[in-house]
1. Please give the length that would be gained between C628 and S172 if that part of the chain were fully extended, namely 0.36 nm times their separation in residues minus their C-alpha to C-alpha distance (nm, one decimal).
2. So what is the accessible area of segment 106-221 per residue, in Å², with the probe set to 1.4 Å?
3. When the Kirkwood hydrodynamic radius is evaluated over all pairs of different C-alpha atoms of segment 298-357, what value in angstrom, to one decimal, is obtained?
4. What do the square roots of 5 times the Cα gyration tensor eigenvalues come to for segment 548-651, in whole Å, largest first, as semi-axes of the equivalent ellipsoid?
5. For D354 and N677, compute 0.36 nm times the residue count separating them, minus their Cα-Cα distance, and round to one decimal in nm.
6. Using +1 at the C-beta of Lys and Arg and -1 at the C-beta of Asp and Glu, which of G94, A21, L106 has the Cα lying farthest in the positive direction of the dipole of segment 1-126?
7. Please give the peptides 6-18, 289-301 ranked by average Cβ packing (other Cβ atoms within 10 Å per residue), highest first, as a rough proxy for protection.
8. Please give the net charge around S785, taking every other residue with its beta carbon less than 11 angstrom from that of S785, where Lys and Arg add +1 and Asp and Glu add -1.
Amino acid sequence: MSLRNETVDVLCELLETGDEADRCYAARTLGVLRSNIAVPFLIKRLKDEDVDVCIDAAEALGRIGDEAAVPALTDSLQNDTSGEVCSMVTEALGKIASAECVDLLLTVLTERPEGLEWDGDWDTWWDIQLEAVKALGAAGAVKAVDSLVAFINDDAQQDIENEVLNALVSISGVGLDQVIERVQDTTTKPLSRRRAVRALAGSHSPSATRILGRSLQDADPEVRAEATLALANKNAERYLSALLLMLRDQSGEVRDAAIKAVTQLAGQVSESTDLQETLLPMLNDPSSRVRATLLNVLVPVVVNNPLSNEHYKVVISSSFDTSAETAAAACRLLGENGNSDAISTLLEHARNQDGHPMVRREAILSIGRFGEISDEIIEVLMNAVGDSQQPVRLAALTALMSLDKQHIETDELTQDKQTPPRPLSIIIDAVQGSIHVPDKAASAVEPEDIGNLQQAPDSANAADIQNGVVVEFETEVGKSFPETSNDSGMTDNPVPQEIAETITLPDGPTQIVEVGDVSPAMSTLDAIAMENVESVLDQDKLQQTMPEIDEATQEYLDVVEANKAEMKRIRSSKRITPNQDVRRLGTRVLATANDDKAIEALLLALNDQDDLIRREAAEAIGEIAQRCRDNPKLMDAVGTLITHLAVGDMEQKIVSARSLSFLGNRSALVPLMEALNDKHANVRIEVVHSLARLSSDSLDPTQSGHMVVRDMPSSSVARTLLACLDDDNIGVRVAATKGLSKVLPLTGDETLTQRAVERIVASVSEFTGEESRLIGQALRAFDESLSNQAILIQLKTAENSVKRSVFIEMIEEILNPDQAQPEQAA
């Protein structure tokens, strides 16, 4: 008997002898395995006393798709009183999709089964009808078209028009024609036409696309808007010109849809001549969103088809648009266009301290794209590195890095000529703290300030998110902000010092006012002071009378306190000054370099007094190592990273472990093993990943000249990872299983591998079992029969259904032919 058949037999036995949880899990997994052997056993469970078992059995029969189950499913549909069961039976019949099934689905669509129960005010037949509609569409049942059309035309039926139209579109030919006819019929309600247009977006038929194009001229704006979006979703780029005209539609809804559609299709456009002639005259549109969209559409186009001189002038003018969004798009377009005459205009924007940071950012990035270097360009970029706005600072550093390669090539050709300083040297200066942000912006960024600024999107300090770069909010010292008020109308400003000095708090209350007594008259400030004293006394009384906290409550309170401490740590880590930010951004930019000077600067930053810079430097070295770890200069970082791994804070340890694994120097194996004792679970998780990565993908110590005092063979690493299966953190255990899948094949030790698989399987039930599916997915990397055999042994000896469910889920993950994450059993 094959191992898979043995697994099916064990699950079928559980269907017969297990409790309701066993039967649910077994039924679902048998459906996933799609074994016809299980069909008779599953049919019996359609009459199970537990409704969840019936549902899972019906679902499993549908997945298996054996027509032998149709009679039993029919009987359940006609006689079962549970709407949930009948809905799942309907879905199962749709998956089997035989002619007999289609007839049954058509019947249940229009005839309510006798004895079907209501769920309060809800008729469960409506759920069954919905499943029947979906099933008929999925089956492509041509004979169902008339019934489906009659259903949506019947006002007495429930409103599931969208689902019915989708089903009709799935029935190619006559079903699709019915939907097209609905779109073209002007007597049909606009809502129905809009729904029909939306359904046509799911059709691959050219006729459906043509109808969507014609619907752009529909009299109803909702239909036009839906057709616009549908064409974009179908990637119908040949309709781009027509969609551009929709940007001038009278309806705001249509214009918004056109902006989304045009933006979505812009990246697929390769021809520009006609497109430029169509787009650029529209740049006088009153909507800034439309103007920005038009310019963004041209960005991928001008790479191969630069702007004509006339159109170039129009874009130059647009870079001074009053809308920051439009001006920024124009600057981006000028950079992609490649006409170096635009550099002077871009420099003007970059210098403008009063300009919007989004515009200045795009102008600076575009300067970097040209690859040209001059004293003026370097001066502007150097000043921008110390700008008060973070988007500008990051753009300047990025542009300098883009220019650096061009600088090297130019320097090689003009060795005897005086040239501007190398851009890389400016970035290094920024990392080393030689470039400072003006004093007016030298305040720390507080999380609270970020929250306040988020409420003012028009502020020049708001962060811009462009091209996948996320920048943070900043505030400037010297700016006045309006007083904020609390719910009582009082301002949050502190009490003036001269008033505060007059407040004297008594050592203790002179009188405890009993209930019913009248408090003596006093000033507001005295009253506040007295309330504070009484509150303290009340807290003392409360603590004296507070009952003992039970273990569960204490555990909850400990979690709350831990979360509060973690939030405090996260918030404090975000509080950095702009000068720190310049150094941090410069370090991040160095991560994109391969130059020895950049690596030397990062090595210095690894020993910086600022923990943030040390962390960024470690991360940067890891990124460089992933691209070119053969550079011997990188190995100078190993010793420092090992030190950080031992004595750094949590974040430093995590990034150091990761970078050590990318460097490929096996001398880090022992320190990584020692780091598995760290108190922070996140550190242990990263160390496990790093151990597996370094053990399985490292440089040869002899060939690379690495001094490895104590190397660790793969078998030792594997045994270390095996011990991690006893960790009380689920993340560590899952990471260890994934790591073992990489390391064990390197050992060549089949006995060790078998022992490891058995230990992995057994370890899951020793804790909560919540990682069963994750472990099952990780076990796919091992031999299927080895893993499955180990699980079957545990399944047969498990003492209760809770533990059995853990092993059943693992079996499902390993043997699932779709290898997709399944839903939980009912």
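1. 158.8 nm
2. Details: 5820 Å² over 116 residues.
Per-residue value: 50 Å².
3. Details: mean 1/r = 0.0864 Å⁻¹.
Computed over Cα pairs of segment 298-357, the Kirkwood hydrodynamic radius comes out at 11.6 Å.
4. 36, 16, 11
5. Stretched out fully, the D354 to N677 stretch lengthens by 111.0 nm.
6. G94
7. 289-301, 6-18
8. After counting each charged neighbour, the total is -2.
The values are calculated or read from the model by the stated rules, or taken from the named source; none is laboratory data. Remember, predicted model here, so these are calculated numbers, not experimental data. Note that each Cβ is placed from the backbone with ideal geometry, even for glycine, and that neighbours are counted across all protein chains shown. Just the protein is used for accessible areas: all its heavy atoms, side chains included, with ligands, DNA and RNA removed. Shrake-Rupley method; radii C 1.70, N 1.55, O 1.52, S 1.80 Å.
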